[in-house]
Structure formats: structure tokens, C-alpha cells
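Heads up: the structure comes next, in C-alpha cells.
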Amino acid sequence: MGNPRTLQVVGFRKCGKTTLMNSLVSLATEEGATVVTIKHHGHPSPLILPDEDTDSMQHFRAGADTSIVYGNGVMQMHERCEEEGALSHMYEEAVKRNPDYIFIEGFKQASFPKIVLWRQEEDKRKLMALPQVYMVKEAGLVHEKEEVRRWWEEWIRDTK
């Protein structure tokens, strides 16, 4: 297994994390790279699971620790795991897929190189205290494609 380049995108709500993640995935796949993404569901509501009448969800609700279903070229997996250690477990699973890149959205306290997105100076100060801050960018810039491409090229150059 290779050693995938890993990058986190962190910031507070509605700062453009998902927009930036989508751009990073697009830039990587345009180059023919394989990508795994990991996302922290930072909302108070639970994850929206498939319809409970599907066979795989019936298995899960019956107590299966993991339920995996395949159809039409897509695999879907639901797995129970404790919050403590969830990222390390997901990261291990991601590495097993031998991707070129792993992009992580959220999980602010994790120790991977990260791009910090901020909207307010107070948020910026809080986020600068996180481990392994690689880049700090104002949130509004995530919609500027050429700016994001420059970030991408800078990160690729710095991690080679």
C-alpha cells in the first residue's frame, strides 16, 4: 500500500469547507488520481440513513455491527463505531483503498496538515491554535477557481 497525501479542510459552519473539498477532489481526479474523502457530520441531528425497509438497513437495525450493500457500481457501508477513535478507524479504512489522496473535512483537532477557512478574525485566532495548520485562507476565496487551483499547486509542490 502506498502512502497517500492527506489534507484536512477545517473551519466553522458555513465557511466553504464542502465547496473547497469538492474543488480539491475535482482537481485531483482531473489529474487521474484516486481520492478518498472523510467527513465529520458536525450537526446535532443524526445522519440520514437509507430507508429502514431496505435489506441492508434491516440487517443494521437488527444489530449488525457493519452492513455493506452493493449495487450498480456503488458500495454503501454502515458501521457502528464510537466517536472516540472514529477518525483513526475511518482513516485506516481509507488507506486500505490505496488512494493517492485522502481529504478530510472537519475533525479540527486531528493532526494532519490542514487548510483553515475563516470568516471572522476571532474564528481565525481560534483556528490558528489547531495542530498542523498548513494554510490559512479567507472563506470567501473558496469560490474563486483560480485561487483554489493556486492553493492546490502550492500544496502539491510543498508535499513532493
query = Does Trp152 satisfy the condition of being under 23 Å from Thr29 (Cβ atoms), in contact with a helix residue (DSSP H, G or I) (Cβ under 9 Å, 6 or more places away or on another chain) and not polar (S, T, N, Q)?
reply = yes
Hits in segment 34-80 - residues which are closer than 28 Å to Gly11 by Cβ, surrounded by 10 or more Cβ atoms within 10 Å (Cβ to Cβ) and of a type in the set (Val, Ile, Thr) = Thr34, Val35, Val36, Thr37, Ile38
request  = Out of the residues in segment 95-141 that are outside any loop (DSSP other than H, G, I, E, B) and of a type in the set (Phe, Trp, Tyr), state the one that is surrounded by the fewest Cβ atoms within 10 Å (Cβ to Cβ).
outcome  = Tyr134
query = Hey, which of the strands (runs of 3 or more DSSP E) in segment 1-85, taking only ones fully inside, have at least 2 residues that are of a type outside the set (A, V, I, L, M) and closer than 26 Å to Ala139 by Cα?
reply = 5-11, 35-39
query = When you scan segment 124-152, how many residues do you find that are at pLDDT 90 or above and over 18 Å from the mean Cα position of the chain (by Cα)?
reply = 5
ask   = Restricted to segment 1-14, and to residues that are over 18 Å from Ala129 (Cα atoms) and not hydroxyl-bearing (Ser, Thr, Tyr), which residue is modelled with the lowest pLDDT?
value = Met1
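The values are calculated or read from the model by the stated rules, or taken from the named source; none is laboratory data. Every value quoted in this text rests on a predicted model; they were computed, and no experiment measured them. Here the Cβ is made from the backbone with ideal geometry for all residues, glycine too, and neighbour counts use every protein chain on show.
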